[in-house]
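The values are calculated or read from the model by the stated rules, or taken from the named source; none is laboratory data. This is a predicted model, so every value here is computed, not measured. Cβ: placed from backbone, ideal geometry, glycine included. Neighbour counts: every protein chain shown. SASA here: full protein model, heavy atoms, side chains in, ligands and nucleic acids out. Shrake-Rupley method; radii C 1.70, N 1.55, O 1.52, S 1.80 Å.
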Amino acid sequence: MFNDIGPLELVTLIVLAVLVFGPDKLPKVIQDVTRTIRKIREFSESAKNDIREELGPEFKDFEFEDLNPKTFIRKQLDNEDLGLKEIRNGFDLKKEMAEVTDAVHGRESDASAASSSSSSSGRIDMTKKPETPARDDRPPFDADAT
């Protein structure tokens, strides 16, 4: 509940509580606050149980935490039936970016050299290769460029 409170903030809250309520009344205030929190938790649990009873036996494994969108998505992505773990583990972003960079700059990386030498991989070679004109061919002449 208070995961983001640091030690300095906690000490500040304690000092403020002592100054506001005084050392005599502070234990009674702490007891009242804990009793109130306990009652709120009991009320929340009874409301959850009432909702579960109203939904029926087919929703017996229903968890209210699943209504949080982050929890729902995380649960669906960790589902083994979809096979997303294999896809996520098989994708190496740094390797892919290095291959694209090498292809743009006209260099052959280790992975792309291995894949381009074996044409059975089905990948398209996007590297620029200089075209060597035949001995008889003249380079194209552009009259507007001269």
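Data table
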{"item": "Qualifying residue in the stretch 56-72 (condition: loosely packed, with under 10 Cβ neighbours inside 10 Å, at pLDDT 90 or above and of a type outside the set (Ser, Thr, Tyr))", "result": "no"}
{"item": "Positions within the stretch 38-54 being open to solvent by less than 70 Å² (accessible area, probe 1.4 Å) and without any contact (Cβ under 8 Å) to a residue 12 or more places away in the chain, in sequence order", "result": "44, 46, 47, 52"}
{"item": "Some residue of the stretch 2-10 being at pLDDT below 85 and surrounded by 10 or more Cβ atoms within 10 Å (Cβ to Cβ)", "result": "yes"}
